[in-house]
Number of protein chains: 2
Amino acid sequence: MTTLAGRGSSPTLDEVAQLAGVSRATVSRVVNGSPKVRPEARRAVEEAVARLRYVPNPAARSLVTRRTDTIALVLSESNTQVFSDPFFARVVRELSAALADTEMNLVLLAARGEREQEKVARYVRQGHVDGVILMSLHSQDTLPAVLAEAQVPLVLSGRPLDGRSVCYVDADNAGGARDATEHLLAGGRRRIATVSGPQDMIAGIDRHAGYRAALEGAGIGPDPALVAAGDFTEAGGARAMAALLEQAPDLDAVFVASDAMAVGALRTLREAGRSVPGDVAVVGFDDAAAAATSDPPLTTVAQPLDEMTRHMTDLLLRQVEGDEEVQARVCPTRLVVRASA
Amino acid sequence: MTTLAGRGSSPTLDEVAQLAGVSRATVSRVVNGSPKVRPEARRAVEEAVARLRYVPNPAARSLVTRRTDTIALVLSESNTQVFSDPFFARVVRELSAALADTEMNLVLLAARGEREQEKVARYVRQGHVDGVILMSLHSQDTLPAVLAEAQVPLVLSGRPLDGRSVCYVDADNAGGARDATEHLLAGGRRRIATVSGPQDMIAGIDRHAGYRAALEGAGIGPDPALVAAGDFTEAGGARAMAALLEQAPDLDAVFVASDAMAVGALRTLREAGRSVPGDVAVVGFDDAAAAATSDPPLTTVAQPLDEMTRHMTDLLLRQVEGDEEVQARVCPTRLVVRASA
DNA sequence: GACGGTCGTGAAAGCGCTCTCACGACCGAT
DNA sequence: ATCGGTCGTGAGAGCGCTTTCACGACCGTC
C-alpha cells in the first residue's frame, strides 16, 4: 500500500482482480459489461475498480480487439482559415453530438500542406482510428485517394471528382444553384451574372454547373462577361462583383456561390449605387449566419448540414461495423427567400 | 502468398523478419533507427518493409513504450462558434507547424457540454495522448482541474483563475489593456469608456483590470456609467456600445476588449453619427484580421500568438520528456496604432 | 596464441488486455 | 440416483511490439 498513482503507474486488471478476489477474466467481463457475472462478484469488482481508480489501458485493449473506438474528422486544407468556416463548426458539433452516446471518440486532424497530409495518412494507416470522415475541398487533393487505398472505413464530405467506389455525402450543389438561378428567372431577371467559387473545388464547379443549367433551361446561352470567379471569401466576392459591374454593367441579377462572397458583393453593389433587389437581385449559397443579418437580408440556398452530418456518421459507423456496401448520399437543398431577390 | 493486405490483416514484425532473414529484434531496431545494425542487414529489412508495406502497430508499440506520440489540443467551450475564432485557427497552425518535424502527432478534441468534457477527460486519463494543451475560456470550467489531477503533462492556454502548480501561457492581457487605455489618455481623452469582455472569462477580467489600472494611474476614478459588458461578439459589441452612448453620452473614447466587439462598436458609433476618432477614439484588442480592414482601421493590442504557441509546445514537450518543473509564461503584448485612436 | 573488448544479433520475457476453452457447480428432467 | 444442460468462473494463450541479456564473431593488444 505505497504508491498512489504517480504518473505512469496506473493499476492493471491483475491488481483489480486480486483486490476483488476474482480472476482477470471476470474483471474484464465486468468492465466490458458482460452479463455473465454473478451480481455478487460484479459488485466486488466494481468496488475494486473504484478503489484503485482503475482505467483500462486502451493500447492493450485495442491490441487484441483491433478497434480503437475513435474516429477522425480530417480537414485537408492548406488554408487554416477554413477552420473559421461555420460550416466546419457545425459539422463538428453535430458529429460529436451523434457520437455522444456511443463508445466512439472523435478526434480532429488538420492536414495543411504536404507534410501534414503525410503525417495524417500515416496516422490513419497505422490504425490509430477506426474510421475517417474526410473534408477535402480541393479537387486535386491527393489525401482522399491515399486514405481510400489505406482500406480504412472512409466517408467523404463533399462529392469527389472521381466518385466511384468511395462513400460520400454532399449537398445537391448543382440542384441548389439551379433553384437559385431559376428563382431569379422567375423574378423576371434576364441578365443574370454569377460570382462563382473556385473551379478547383467541387462545390464551386457544381454550383456553377447548376447556374448554367438553369440558364440553358430558360434558353439563355452562356455569356463570359456575366461570370467572375471568387474564392469563397468576402473580399473575393467584393472584387468579383466589381469586375462584373465593369464587364456587364447591364446585369440585373447575380447568383453568388457563397454567402461570404455575397456579403462582399452586396457591399460592392451598395458602393456602386445599385439597389438590391431593385436594380440587382442577389442570391447566395450556404445560408450562413451572415445571410440573415446582411443588408438586405440575403436570399440563399440552405444545405441540410445536420442531416448530412448524420448521414456521414451513419455511413461511417456502418462501415466500421463491417458493412462493405459503398453508398453515396446527395441531400436536397432548400431555397431560403429573404429580401435580396 | 495469397492475401494482399485485406482490411485488418497488416503484416507484422515477424513477417518482415522472416522475409528479411533476420530476427524480430533486428527489424525493430531498423524501424526505430537504432545505429547498431549492419548496413547489409539494414538494407534487407528496409526492402522487406517496403515490399510488405509494413506499418508498425502503434497499440502494440505504446503498450510497451508507454508513449503514444500524440498530444491533444483540447478546446473546452460550449460555444462551438469559438472554432471560428481566428485565434484558434492560428494556434492550430502554429502548433502543427511546431510538431511537423517531430514524431508527435496532433489531435484536436472538442469538449462542449458536460458529457463531452467527461468523454475527453476519460480519453486523456486512459492514456490516449502523451500531453494536453488545454484552451479553456471560462473560469468556472472544471476540465482544467480534472486534467491537472489526471497527472498528464498539461499546459493551459490562458491564465487559470487559480494558477498555482499548473503550467500555463498567456498574453499580458492586463498590461495590454493598460497600454491601450494609456494611449487614449495620452491622446487627451478623459471620458474613457470600456466595452468589457464577459467577466467569467479570465481574458475579460484581466483586460478590464488593465483598463481600470490605467485610469487609476491617471487619477481617474471608476465610473459605472462608462462600463458595459459585451460577450466578445460583434453583435454584443454593437449592443454594448449603444448602451454606453445611452449611459454616458459625453464619452470621448472607448477601450473595447476585443476586435470583434470593436467592429460592432464602430458600426454603432457610425450609426449614431459619432466620428471616429474625432468624437470618439476606439481601441480594440487581439489585432484580428478585421482590425486592419475596418472603417476606420482599428488601433488595437496584438498578442504574440505565435510566440505563445511555441512556448506552449515547448513547455508541453519538455513535460512529456519528464521535466517536472512547472512554469508559466506571460507574453508581452504590442499596441498597434492605426486610425481609430 | 591467449586475452579483454567491441559489435551485431537472436532468444525470450514481458507490456495489459481479451477471449476461447475447459471445468466444476448446480439445475430440472428422466 | 443419473444424466444432459446451463451458468459462472479461471487458466492460459495470444495480440505485435520493445528491450534486456547472453552469445558468438571479430578486433587489436601484449
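The values are calculated or read from the model by the stated rules, or taken from the named source; none is laboratory data. The shown structure was predicted, so the numbers you read here are calculated from the model rather than taken from an experiment. Cβ placement follows ideal geometry from the backbone for every residue including glycine, while neighbour counts extend to all protein chains displayed. These area figures cover heavy atoms from the full protein model, side chains too; ligands, DNA and RNA do not enter into them. Shrake-Rupley method; radii C 1.70, N 1.55, O 1.52, S 1.80 Å.
Key figures for this structure:
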{"item": "Search result, residues across the range A:32-62 that are more than 12 Å from chain B (Cβ to nearest Cβ), surrounded by 12 or more Cβ atoms within 10 Å (Cβ to Cβ) and within 13 Å of DNA strand D (Cβ to nearest atom)", "result": "A:34, A:37, A:41, A:42, A:43, A:44, A:45, A:46, A:48"}
{"item": "Complete set of residues in the range A:63-72 that are at the interface with another protein chain (Cβ under 9 Å from one of its Cβ atoms) and surrounded by 18 or more Cβ atoms within 10 Å (Cβ to Cβ)", "result": "A:68, A:70, A:72"}
{"item": "Filter pass, residue A:307 being open to solvent by 50 Å² or more (accessible area, probe 1.4 Å) and more than 14 Å from chain B (Cβ to nearest Cβ)", "result": "yes"}
{"item": "Search result, residues across the range A:248-263 that are open to solvent by 10 Å² or more (accessible area, probe 1.4 Å) and of a type in the set (A, V, I, L, M, F, W, C)", "result": "A:260, A:263"}
{"item": "Scan of the range B:84-105 for residues that are more than 7 Å from every other protein chain (Cβ to nearest Cβ) and crowded, with 21+ Cβ neighbours inside 10 Å, ordered by number", "result": "B:85, B:91, B:95, B:104"}
{"item": "Qualifying positions in the range A:9-31 - part of a helix (DSSP H, G or I), buried (at least 18 other Cβ atoms within 10 Å of the Cβ) and either more than 11 Å from DNA strand C (Cβ to nearest atom) or within 14 Å of chain B (Cβ to nearest Cβ) (or both)", "result": "A:13, A:19, A:20"}
{"item": "Residue selected from the range A:49-97 under the condition hydrophobic (A, V, I, L, M, F, W, C) and touching an Asp or Glu at 6+ places or on another chain (Cβ under 8 Å), by the criterion farthest from residue B:89 (Cα to Cα)", "result": "A:52"}
{"item": "Residue within the range A:30-46 that is in the same structural domain as residue A:143 (by TED's automatic domain parsing) and among the β-branched types (Val, Ile, Thr) present", "result": "no"}
{"item": "Residue A:148, sole failed condition from (1) in a strand (DSSP E or B); (2) among the hydrophobic types (A, V, I, L, M, F, W, C); (3) surrounded by fewer than 20 Cβ atoms within 10 Å (Cβ to Cβ)", "result": "(1)"}
{"item": "Members of the range A:121-142 found to be part of a helix (DSSP H, G or I) and either open to solvent by 20 Å² or more (accessible area, probe 1.4 Å) or touching a helix residue (DSSP H, G or I) at 6+ places or on another chain (Cβ under 7 Å) (or both), listed by number", "result": "A:121, A:122, A:124, A:125"}
